[in-house]
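One structure below.
The values are calculated or read from the model by the stated rules, or taken from the named source; none is laboratory data. Everything numeric here is computed off the predicted structure, so don't read it as measured data. All Cβ positions, glycine included, derive from the backbone under ideal geometry; neighbour counts span all protein chains shown.
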Number of protein chains: 4
Amino acid sequence: MDINELTERMHDFVRSKGWYEAGSKRPQTPRNLAVSLSIEAAEILEHFQWREQAQDQDALASELADVTLYLLQLASVSGIDLEQAVLRKLKTNAARSWDGGESDPLP
Amino acid sequence: MDINELTERMHDFVRSKGWYEAGSKRPQTPRNLAVSLSIEAAEILEHFQWREQAQDQDALASELADVTLYLLQLASVSGIDLEQAVLRKLKTNAARSWDGGESDPLP
Amino acid sequence: MDINELTERMHDFVRSKGWYEAGSKRPQTPRNLAVSLSIEAAEILEHFQWREQAQDQDALASELADVTLYLLQLASVSGIDLEQAVLRKLKTNAARSWDGGESDPLP
Amino acid sequence: MDINELTERMHDFVRSKGWYEAGSKRPQTPRNLAVSLSIEAAEILEHFQWREQAQDQDALASELADVTLYLLQLASVSGIDLEQAVLRKLKTNAARSWDGGESDPLP
């Protein structure tokens, strides 16, 4: 399943919960979604707070899914094509020579 | 392009940088990747530190790509099928009735 | 110097920049401060993205200061006595027996 | 109570739990503490995930205490004088003129 299709499934879910409607308990604003993304990323990090390996694979998978869904939604409401952004990043970084600076992101 | 294909592209890139090799400057351990995911999520959040809308769409897209790549890599090294995890989460949450608890994640 | 005094110094600074005023570029709302705290915590984490020891002590000290100031401000605008909260937490946790659950925070 | 005294109280607690000992369940390494700081900062952020005001002041106070304790411990094990770092930051930033760049931290 490609990113666009997963994004559509995510939209169906958000719509079904009424979160796109006025007075929604979870307004799908870029800022709210960026906040949510950080919160969920920290829940993943918690699996590794004192250890190198996660103990609960199912919980980890569930939280990776949470991050994915917020990421898809944030890209969507921001009008960003996530697949294109990823491919562009891979292309740019493949061309760059690495000087060992650890602040550079993975891509 | 589906998740598996993007994951392969990501692996090609990581491999080309030598990060899978012994003595790598960026060991692709689950913990390192979880840490990186949080760092990049915060870089996205920075676009919204004092505002509701991001000012620099290209930079935002680039950072969404960074989060995506770390997410794909973390799922991969953890042996988690990200697409399945997302679909499972959507199914579970569609079935749940919402009681308004805001700590519940999006999915 | 105690927490109250550091908090006063922080207020003086924020006031001098005009951030308490209407139309401020950095409205000192609890939410904005919580967002800022997370952003700065991630900048600290970046020193340890791929390593166990930070390489740049001055930069680390500077970012620990950033987190401290946002923490003081968030406690202040939320009407929370940070010193009391810390002492209460230490007291509560000293009484608790630990069962090894790693999700428990330090205190 | 000043920062040094709170730091001592924190040390007493950590020592009493055996976390300084070999084979500790919670090795007090800089990296582990930086990870913990980010995790706790995100728990604070969760109070503001969809709202501007926190609903549970006691829980918020408890989590601000958690961040404070990890911050004190991280400064301590890193050999950083937190009070000096804060005063230095306030002095530096008071001297700077602000150009409106929102990436600048509070201090």
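Residues are listed down the side, and each one gets a yes or a no for (1) of a type in the set (Ser, Thr, Tyr); (2) within 14 Å of the chain's Cα centre (by Cα); (3) within 30 Å of B:VAL35 (Cβ to Cβ):
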| position | (1), (2), (3) |
| --- | --- |
| C:ILE3 | no, yes, yes |
| C:PHE13 | no, no, no |
| C:TYR20 | yes, no, no |
| C:VAL67 | no, yes, yes |
* Residues satisfying the stated conditions in segment A:25-37, i.e. at pLDDT 95 or above and more than 20 Å from B:ALA65 (Cβ to Cβ) -> A:ARG26, A:PRO27, A:GLN28, A:THR29, A:ASN32
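How about segment C:63-78: which of its residues are polar (S, T, N, Q), over 11 Å from D:LEU71 (Cβ atoms) and at the interface with chain D (Cβ under 7 Å from one of its Cβ atoms)?
C:GLN73, C:SER78
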* **Search result, residues across segment A:71-87 that are at negative phi and free of Cβ contacts under 8 Å to residues at least 12 places away in the same chain** => A:ILE80, A:ASP81, A:GLN84, A:ALA85, A:LEU87
* When you look at D:GLU83, is it facing another protein chain (nearest Cβ under 7 Å), modelled with pLDDT of 95 or more, in a helix (DSSP H, G or I) and closer than 21 Å to C:LYS89 by Cβ, yes or no? -> yes
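Every residue, every condition in (1) among the aromatic types (Phe, Trp, Tyr); (2) closer than 18 Å to A:ILE44 by Cβ; (3) in contact (Cβ under 8 Å) with a residue 12 or more places away in the chain, yes or no:
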site	(1), (2), (3)
B:SER36	no, yes, yes
B:GLU40	no, yes, yes
B:TRP50	yes, no, no
B:GLN57	no, no, no
B:VAL67	no, yes, yes
B:LYS89	no, yes, yes
* Keeping to segment C:27-39, report how many residues are under 13 Å from C:LEU74 (Cα atoms), surrounded by 18 or more Cβ atoms within 10 Å (Cβ to Cβ) and facing another protein chain (nearest Cβ under 7 Å). => 8
* To do: Give C:LEU60, C:LEU71 a once-over and let me know the one that is over 13 Å from the mean Cα position of the chain (by Cα), modelled with pLDDT of 95 or more, surrounded by 22 or more Cβ atoms within 10 Å (Cβ to Cβ) and under 21 Å from D:ARG88 (Cβ atoms).
  => C:LEU60
* To do: For segment C:15-22, indicate whether the set of residues that are assigned to a helix (DSSP H, G or I) and surrounded by fewer than 18 Cβ atoms within 10 Å (Cβ to Cβ) is non-empty.
  => yes
* Asked: If only one of D:ALA59, D:ALA42 is of a type outside the set (Lys, Arg) and more than 13 Å from chain A (Cβ to nearest Cβ), which one is it?
  -> D:ALA59
